[in-house]
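Down below is the structure, laid out as structure tokens.
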Amino acid sequence: CSRWEEEKKEDGVKWMQLEHRGPYFVPLYEPLPEDVRFYYDGKPLKLSLATEEIATFYAKMLDHEYTTKEIFQNNFFHDWRKEMTSEEQEVIKDLDKCDFREIHKYFVDKNEARKALPKEEKQKLKEEADKIQEEYGYCILDGHREKIGNFKTEPPGLFRGRGEHPKMGMLKKRIMPEDVIINCSRDSKIPEPPEGHKWKEVRCDNTVTWLASWTENIQNTLKYIMLNPSSKLKGEKDWQKYEVARRLKDVVHTIRAQYRKDWKSKEIKKQQRAVALYFIDKLALRAGNEKEEGETADTVGCCSLRVEHVRLHRRLDGQEHVVEFDFLGKDSIRYYNKVSVEKPVFENLQLFTKNKDPTDDLFDQLTTTFLNKHLQHLMDGLTAKVFRTYNASITLQEQLKALTNPEDNVAGKLLSYNRANRAVAILCNHQRSIPKTFARSMEVLQEKIDAKKKQVEEAQEEVKKAEDEFKETEDAKAEANVEKKKKLLARLEEQLAKLNVQATDKEENKQIALGTSKLNYLDPRISVAWCKKFGVPIEKIYNKTQREKFAWAIDMAGEDFEF
């Protein structure tokens, strides 16, 4: 049997044996050379070691947009001052008088020097990294040697957060062995902490899959060392996730009929649940969990929408019953969408917003817990998240069917694949800001296209010349020459077509992030089957890391797989 289908363990038990080396701790701080100085108010100032280390975190980010943001600057300066000696606190009172430029330049130069190292030196560094990977990067789980995902602790630095995070710029502290809980099996060789240190705790909990954990100081959340996505455990979990979504396919019609009926319910709680579920199903919105006030950025999901996040239009742009959404979702990514909804939904929303303030909850009777309980009742294992997976995967499958032309060459088929993937990314609102390098790389591509066009024109001239020559002489040599020139022209035309496809793809993709859905929402078997069916090499769709993560799907799916 394949490694994906070995013997099942009893419920809740994830492993019988787990042995590993514990986390790899990032190297300690190396002080700056004497000639690299920090200046305050125009004068050099020697900093204590702890203060200097934090100064380098800020200095390294000088060319980053973050350091121009006031909230980042304030949080950094507040946390930095807390770590200073009392003498330093007396002197350093204003961030604007701090000059980090010399330190910044030192790190930029260091980076450049590393890039410019001769090949042998680079090879040496790679070998050192590989040695650490060999030693710390694997564990033994139930007799299999499995790769660990993130075996290094995160280095200290300044918290960035995504979007406009209120805590950006705060100091991320160094993780010490004393912060770390180790998880391994009782009879295994318990990992040794670094010399002179001890672990916070060693436990043997085989109902969880993490190897080590600690609490990070900024959001007070738990961080874990987990297995690599390519490991059997993660692969199984991934496979199960898509199997749950496939089960939803069989009952989704019943569920839709149910929530449509509930729009007309006499209980407002049921009405709200039904409208929220309609949004989660139709628009692939996230459920939106309850969270602590002020702790995190003000982001919402479906259940936590406020009245101010929706505007209702009886008519808009020639459509009826339009809901205009505008809110910050996960990672502070803005969700903006105008959607024509069914009349009962529109009328319900009018009712839910009536006599409420803008900051009141739209679904005031609804919690995520209440919604998920209802979903579990409709189908075992169903949560709001499953709808996102289901709708993403089914969209990819339908778009691939509609867009793929079997007659196309590989480049043409890939454009169709990316367009299908884009439809999913748009559904899931996976955006990115236009890459900084976009304009330049587009110019380079355009130059290539122009050069290729010129080559095609020259080749066309050559064909014409060869044909004229053949007309005059009618000998075999001239005829062969015509064929040769035509072949060359055809090859150049194909290359030009390929470049044009690339340009179209690049332009359509500049603000869309395809990776998130590819890794998390799309059943890989759909892509594997498509590749096999249309003769597209799998490496054109998945890179090496992705092929390792989806090994289970590459093993399992034939060209006839249907989600």
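Quick grid of which residues meet (1) on the phi > 0 side of the Ramachandran plot; (2) touching a Gly at 6+ places or on another chain (Cβ under 9 Å); (3) among the small types (Gly, Ala, Ser):
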position: Asp360; (1), (2), (3): no, no, no
position: Asp364; (1), (2), (3): no, no, no
position: Arg388; (1), (2), (3): no, no, no
position: Leu396; (1), (2), (3): no, no, no
position: Asn409; (1), (2), (3): no, no, no
position: Lys413; (1), (2), (3): no, yes, no
position: Ala423; (1), (2), (3): no, no, yes
Taking the options Phe561, Phe470, name whichever one is assigned to a loop (DSSP other than H, G, I, E, B) and over 17 Å from Arg419 (Cβ atoms). Phe561
Scan of the stretch 177-205 for residues that are open to solvent by 50 Å² or more (accessible area, probe 1.4 Å), under 22 Å from Met16 (Cα atoms) and assigned to a loop (DSSP other than H, G, I, E, B), ordered by number: Arg186, Asp187, Lys189, Ile190, Glu192, Cys204
Would you mind finding the one in Lys506, Lys498, Lys532, Lys540 that is closer than 29 Å to Phe387 by Cβ, in contact (Cβ under 8 Å) with a residue 24 or more places away in the chain and among the charged types (D, E, K, R)? Lys532
Would you confirm whether any residue within the stretch 479-498 is more than 24 Å from Asn429 (Cα to Cα), at pLDDT 90 or above, among the polar types (S, T, N, Q) and surrounded by 12 or more Cβ atoms within 10 Å (Cβ to Cβ)? yes
Hey, does the stretch 158-171 have a residue that's touching a strand residue (DSSP E or B) at 6+ places or on another chain (Cβ under 6 Å), among the hydrophobic types (A, V, I, L, M, F, W, C) and within 25 Å of Tyr521 (Cβ to Cβ)? no
All but one of (1) within 19 Å of Asn418 (Cβ to Cβ); (2) outside any helix (DSSP H, G or I); (3) of a type outside the set (S, T, N, Q) hold for Ala497; which doesn't? (2)
Is one or more of the residues making up the stretch 390-400 modelled with pLDDT under 90, in the same structural domain as Asn500 (by the TED database), of a type in the set (Asp, Glu) and out of contact with any strand residue (DSSP E or B) (no Cβ under 6 Å at 6 or more places or on another chain)? no
What do you reckon, is Ala476 among the hydrophobic types (A, V, I, L, M, F, W, C) and open to solvent by 50 Å² or more (accessible area, probe 1.4 Å)? yes
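The values are calculated or read from the model by the stated rules, or taken from the named source; none is laboratory data. Just so you know, these numbers come straight off a predicted model, no measurement behind them. Cβ atoms come from the backbone with ideal geometry, glycine included; neighbour counts cover every protein chain shown. Quick note on the areas: whole protein, heavy atoms, side chains included, nothing else; ligands and nucleic acids left out. Shrake-Rupley method; radii C 1.70, N 1.55, O 1.52, S 1.80 Å.
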